[in-house]
Amino acid sequence: MNASHIIDGVNYGPLAGLIGTWKGDKGVDRAPEPGGEERNLFYETLLFEACGDVDNAQEQVLAVVRYHQVVSRKSNNKVFHNESGYWSWDSKSGVLMQSLTIPRGFALLAGGRFAAKESYDGELVLDVRAAENDPDWTIVQSPFLRENARTTAFTHTVVIDGDHMTYSESTLLRIYDREYNHTDVNRLVRV
């Protein structure tokens, strides 16, 4: 990583590319419905803020970026997703983490590894995953969600190219007596 990843003395590594306010209006959400699926076109704002670093057990140092995502349907301008969390990076091990919560009684810790070779053509690629029974990268959900809309797996890939970002997110659900792959994609610009 080069000096542009150092902010106030903290090496943010790949997370430096996230910092700022992003807006996008090209979003597509595919979500389950009792008789099939619904497709929602959406716009959103994503705010990423540098938070410094934290240490765990005086051995692991994590660079931390806090984020807040607000997503609204184009059809009625109503917010249908509000998420907050953190991206963290351990420069020593290359571990990349995303922790998130949404106000439906749901939280997760997704993880992966970042290596400079994973970026290509000047783009930066962040890729994390979590699964219901994974001992490291796991999902926590309320009893209601576990019984009625259980999340069993999650993947999130973010590609940053300068002031342009795309992402794809997949949430594997057990809902309406079937398994469903709920997906969200969008293209955003740093403003």
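Taking the criterion of being small (Gly, Ala, Ser) and either in a strand (DSSP E or B) or under 20 Å from Phe42 (Cα atoms) (or both), the residues of segment 159-188 that qualify are Ser168, Ser170. Given the condition at pLDDT below 95 and outside any strand (DSSP E or B), answer yes or no: does some residue in segment 18-29 qualify? No. Against the definition (surrounded by fewer than 19 Cβ atoms within 10 Å (Cβ to Cβ), more than 21 Å from Ser168 (Cβ to Cβ), of a type in the set (Val, Ile, Thr) and more than 14 Å from the chain's Cα centre (by Cα)), how does Val95 come out, yes or no? So Val95 passes the test. Applying the condition of being within 19 Å of the chain's Cα centre (by Cα) and outside any strand (DSSP E or B) to segment 135-158 and asking which residue is surrounded by the fewest Cβ atoms within 10 Å (Cβ to Cβ) yields Asp136.
Among the residues of segment 106-120, is any closer than 23 Å to Ile19 by Cα, at pLDDT 95 or above and not in a strand (DSSP E or B)? Taking every residue of segment 106-120 in turn, none turns out to be closer than 23 Å to Ile19 by Cα, at pLDDT 95 or above and not in a strand (DSSP E or B). Cβ-Cβ contacts under 9 Å between residues 6 or more apart (or on different chains), taken from a first residue in segment 26-54 that is over 27 Å from Leu96 (Cα atoms) and touching a residue at least 60 places away in the same chain (Cβ under 8 Å) to a second residue that is hydroxyl-bearing (Ser, Thr, Tyr) and surrounded by 18 or more Cβ atoms within 10 Å (Cβ to Cβ), are listed as Ala31/Tyr180; Pro32/Tyr180; Glu37/Tyr180; Phe42/Ser72.
Give the residues of segment 42-79 that are farther than 28 Å from Ile7 by Cα, surrounded by 14 or more Cβ atoms within 10 Å (Cβ to Cβ) and not small (Gly, Ala, Ser), sorted by residue number.
Taking segment 42-79 and keeping what is farther than 28 Å from Ile7 by Cα, we get 42-43, 71-79.
Okay, now just the ones that are also surrounded by 14 or more Cβ atoms within 10 Å (Cβ to Cβ), so 42-43, 71-73.
Scanning segment 42-79 gives Phe42, Tyr43, Val71, Arg73.
Here's the yes/no breakdown for (1) hydrophobic (A, V, I, L, M, F, W, C); (2) in contact with a strand residue (DSSP E or B) (Cβ under 6 Å, 6 or more places away or on another chain):
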position: Phe48; (1), (2): yes, yes
position: Val65; (1), (2): yes, yes
position: Ser88; (1), (2): no, yes
position: Leu109; (1), (2): yes, yes
position: Gly122; (1), (2): no, no
position: Arg129; (1), (2): no, yes
position: Val140; (1), (2): yes, yes
position: Ala153; (1), (2): yes, yes
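The values are calculated or read from the model by the stated rules, or taken from the named source; none is laboratory data. The model shown is predicted, which means the values in this text are computed figures rather than measured ones. For neighbour counting, all protein chains shown are included, and Cβ atoms are generated from backbone atoms with ideal geometry for every residue, glycine included.
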